[in-house]
């Protein structure tokens, strides 16, 4: 059972919940507690950590982080941005991992070229370089960087180390670049929602079951959107630490901003085993703490669950799927095809139901969510001495790090899995974003991984191919493997789950990881491969702006995967111009051509020429009071996309930068799915407009923003906007809350321009 409070809540003695209703004050007085909400807000764990890292005031936070982390899809662009912005050394620990683009046969030499670049940057600027296959990004940071009361900023959306007492935030690269040039991360004080855990999970229920149940409860209603999830309650002590990590990393899929957990002796033991006992301290709420909301979770009621395509919130209990599989799959297929929007595509989910059950063809236990020691050992308990068979069904296990893999070898677990027919792989994030293990067309893959968005498994629906991913816990995946791919809950298997001690061998990292923190070698030359390119120059915001809506998306939510596909495109992340060719390629294949046409129109305007179409638009603009004399030098031209709710999913800044490289000036939306996507737009000089009526304009319309630069500088709450259709109808739009720095970044045209000018 998961209950969402429709009010705030007081937590007394870290255990007693008082709903913030009409009787709350009386209840608190009976308990001898007489304190204001605002004072009690200071009693949360979150408040203490944020206050310790804040360089601003209590309402407008300016945060300085303890360390940064990036992987090999993002670090080149970040370092290039910081270099262009004046960075001379890394002013804080910066971990560069190589767990995404480590398939170095893809695209020729360019992936390994990025790794060599990162190694040279770690030496030159004083960073930490983790070689390919050694650890996935979040495992290394859990093991070597997280600590109680710390804050870590990462350029991956699943940057979450809350179970270790660290408030971690996943953001686009621009926010890391700011830290690298000594600036702060600016945000209005976030609300804090308590997640109160009680009871113990039943045998066979794992962290993914709890996480998926939480996501299902809070994603669609936005209960924790852009807030901090603070895990408290008596049930925490009943969860092993890796179980907590498995829940915590999936909080990203709730759209929360960050997460934090109360800590205990299990956290202390984890850090001590890794030679970092000094990074432990107990974190718990004050005797009385006030939360802006509360999620109460009865762990004993959680069932083995499955998230069907195409979102982690599309959750059913496995029991429900077994009972109503045909109907549930039919609905999932209908919704999936509508979201994909590719005519004639056959999702083939219905064919997964046969002989009264639902079947999958492939299974993976992988990465920061699935590939932990405890998850893999639970799978071993189920599969030891048995076989997954020689049919079409396959199971691969990716341990999260070489230390984890080594322990699995030493204790015999790796041999037991291989003896059962399981493939053992290296530490790699590829299956989480579509680089590796792509199923055959029409197949279903079940994964203890982070996401199951469309095409995230690597298929290309615009070429008539599509596969699907469902998310499940490692325990139920192992149970399914025993039954030849028939979806099976681990609670149906009569297995005694053991408790296994993990002996961490730090020597693996000491021998291979380069740690130059605080010891930059400025004489080191950066090593550039032929695919590593500088960012192209971006124009500043003109006084008046004309945009054309070159893509119009009416899906309920648009993911960053749809804005810039993952998978094989990741090889080009160090080449802005080449990567931009993939923008919206799977959602709106005509986008790039239309955006380039606008770029050409702007080039002609800058050269003093206007084609017939632009000349006709200018004539209509001249009908707006004050613009009768408008000439070609009086405005700038850019492209724009409209989407109802863009930006769910990955933190990758390329979802915004690729638009900008193609000449984008604006996004128009009813709302933005995440803060990080909106921040990416701002850092790349793309105006994040909010509109109230999507029917006020249509695809292909020109939209004119008179005096936009002045309106931005003067902090106008409402922005003038004219849709140049039959006439020049004015509609209201806004830009939402912006800091003074964000306003100036937009005026200057992007973060790089801002640092060059100030």
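Every test in (1) in contact with a helix residue (DSSP H, G or I) (Cβ under 9 Å, 6 or more places away or on another chain); (2) surrounded by fewer than 22 Cβ atoms within 10 Å (Cβ to Cβ); (3) modelled with pLDDT of 95 or more is passed by residue 97 save one, and that test is (2).
Restricting attention to region 15-41, the residues being closer than 30 Å to residue 147 by Cα and surrounded by 15 or more Cβ atoms within 10 Å (Cβ to Cβ) number 3. When each of 714, 742 is tested for being assigned by TED's automatic domain parsing to the domain that holds residue 622 and over 23 Å from residue 84 (Cβ atoms), the lone residue that passes is 714.
Okay, residues lined up against (1) touching a helix residue (DSSP H, G or I) at 6+ places or on another chain (Cβ under 9 Å); (2) surrounded by 24 or more Cβ atoms within 10 Å (Cβ to Cβ); (3) in the same structural domain as residue 249 (by TED's automatic domain parsing):
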site: 136; (1), (2), (3): yes, yes, no
site: 139; (1), (2), (3): yes, yes, no
site: 163; (1), (2), (3): yes, yes, no
site: 195; (1), (2), (3): yes, yes, yes
site: 202; (1), (2), (3): yes, no, yes
site: 209; (1), (2), (3): yes, yes, yes
site: 215; (1), (2), (3): yes, yes, yes
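Each residue in region 369-387 was checked for being outside any helix (DSSP H, G or I) and under 17 Å from residue 472 (Cα atoms), and 2 of them qualify.
Each row is one residue, and each column tells you yes or no for (1) part of a helix (DSSP H, G or I); (2) under 22 Å from the mean Cα position of the chain (by Cα).
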| site | (1), (2) |
| --- | --- |
| 556 | no, yes |
| 570 | yes, yes |
| 587 | no, yes |
| 601 | yes, no |
| 609 | no, no |
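Scanning region 392-401 for residues that are assigned to a helix (DSSP H, G or I), outside the structural domain of residue 567 (by TED's automatic domain parsing) and touching a helix residue (DSSP H, G or I) at 6+ places or on another chain (Cβ under 7 Å) turns up nothing.
With respect to the conditions (1) assigned by TED's automatic domain parsing to the domain that holds residue 422; (2) assigned to a loop (DSSP other than H, G, I, E, B); (3) in contact with a strand residue (DSSP E or B) (Cβ under 7 Å, 6 or more places away or on another chain), residue 539 lacks only one, and its number is (1). Looking only at region 725-743, count how many residues are surrounded by 15 or more Cβ atoms within 10 Å (Cβ to Cβ), over 15 Å from residue 185 (Cα atoms) and at pLDDT 90 or above. Looking only at that region, the number is 3.
Scanning region 396-412 for residues that are buried (at least 24 other Cβ atoms within 10 Å of the Cβ) and either free of Cβ contacts under 8 Å to residues at least 60 places away in the same chain or in contact with a strand residue (DSSP E or B) (Cβ under 6 Å, 6 or more places away or on another chain) (or both), we see that the one that is farthest from residue 512 (Cα to Cα) is 397.
Yes/no matrix, rows are residues, columns are (1) out of contact with any strand residue (DSSP E or B) (no Cβ under 9 Å at 6 or more places or on another chain); (2) farther than 14 Å from residue 159 by Cα; (3) part of a loop (DSSP other than H, G, I, E, B):
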{"position": "65", "(1), (2), (3)": "no, no, yes"}
{"position": "69", "(1), (2), (3)": "no, no, no"}
{"position": "73", "(1), (2), (3)": "yes, yes, yes"}
{"position": "81", "(1), (2), (3)": "yes, yes, no"}
{"position": "95", "(1), (2), (3)": "no, no, no"}
{"position": "100", "(1), (2), (3)": "yes, yes, yes"}
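Is it the case that residue 481 is assigned by TED's automatic domain parsing to the domain that holds residue 502, more than 23 Å from residue 139 (Cα to Cα) and assigned to a helix (DSSP H, G or I)? Taking the combined requirement at face value, the residue satisfies it.
A single member of 366, 358, 342 is under 30 Å from residue 195 (Cβ atoms) and touching a residue at least 40 places away in the same chain (Cβ under 8 Å), and it is 366. Which of the residues belonging to region 593-613 are crowded, with 18+ Cβ neighbours inside 10 Å and in contact with a helix residue (DSSP H, G or I) (Cβ under 9 Å, 6 or more places away or on another chain)? If the condition is that a residue be crowded, with 18+ Cβ neighbours inside 10 Å and in contact with a helix residue (DSSP H, G or I) (Cβ under 9 Å, 6 or more places away or on another chain), then 595, 601, 605 are the ones that fit. The numbered conditions (1) at pLDDT 90 or above; (2) crowded, with 21+ Cβ neighbours inside 10 Å; (3) at negative phi are all true for residue 651 except (1). The set of residues in region 627-657 being assigned to a loop (DSSP other than H, G, I, E, B) and in contact with a strand residue (DSSP E or B) (Cβ under 6 Å, 6 or more places away or on another chain) consists of 635, 649, 651. For region 657-670, the count of residues that are surrounded by fewer than 18 Cβ atoms within 10 Å (Cβ to Cβ), outside the structural domain of residue 56 (by TED's automatic domain parsing) and modelled with pLDDT of 90 or more is nonzero.
Let's see how each residue does on (1) within 16 Å of residue 51 (Cβ to Cβ); (2) within 15 Å of the chain's Cα centre (by Cα):
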residue	(1), (2)
160	no, yes
164	no, no
170	no, yes
175	no, yes
178	no, no
183	no, no
188	yes, no
194	no, no
197	no, no
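Consider residue 514 carefully, then state whether it is touching a strand residue (DSSP E or B) at 6+ places or on another chain (Cβ under 9 Å), over 20 Å from residue 636 (Cβ atoms), outside the structural domain of residue 606 (by TED's automatic domain parsing) and surrounded by fewer than 21 Cβ atoms within 10 Å (Cβ to Cβ). When the stated conditions are applied, residue 514 passes them.
The set of residues in region 220-239 that are buried (at least 22 other Cβ atoms within 10 Å of the Cβ) and over 16 Å from residue 163 (Cα atoms) comprises 224, 227. Checked against the criterion of being at pLDDT below 95, assigned to a loop (DSSP other than H, G, I, E, B) and under 28 Å from residue 299 (Cβ atoms), region 27-49 has at least one qualifying residue.
Quick check on region 433-450. Is at least one of its residues outside any loop (DSSP other than H, G, I, E, B) and modelled with pLDDT under 90? No, region 433-450 contains no residue that is outside any loop (DSSP other than H, G, I, E, B) and modelled with pLDDT under 90. Within region 245-256, one or more residues are out of contact with any helix residue (DSSP H, G or I) (no Cβ under 9 Å at 6 or more places or on another chain), crowded, with 24+ Cβ neighbours inside 10 Å and within 21 Å of residue 152 (Cβ to Cβ). From the list 509, 500, the lone residue that is in contact (Cβ under 8 Å) with a residue 60 or more places away in the chain, farther than 23 Å from residue 595 by Cα and not in a loop (DSSP other than H, G, I, E, B) is 509. Can residue 344 be described as over 25 Å from residue 221 (Cα atoms) and either part of a helix (DSSP H, G or I) or modelled with pLDDT under 90 (or both)? Yes, satisfied.
The values are calculated or read from the model by the stated rules, or taken from the named source; none is laboratory data. Note that the structure is predicted; figures quoted are calculated from it, not measured. Note that each Cβ is placed from the backbone with ideal geometry, even for glycine, and that neighbours are counted across all protein chains shown.
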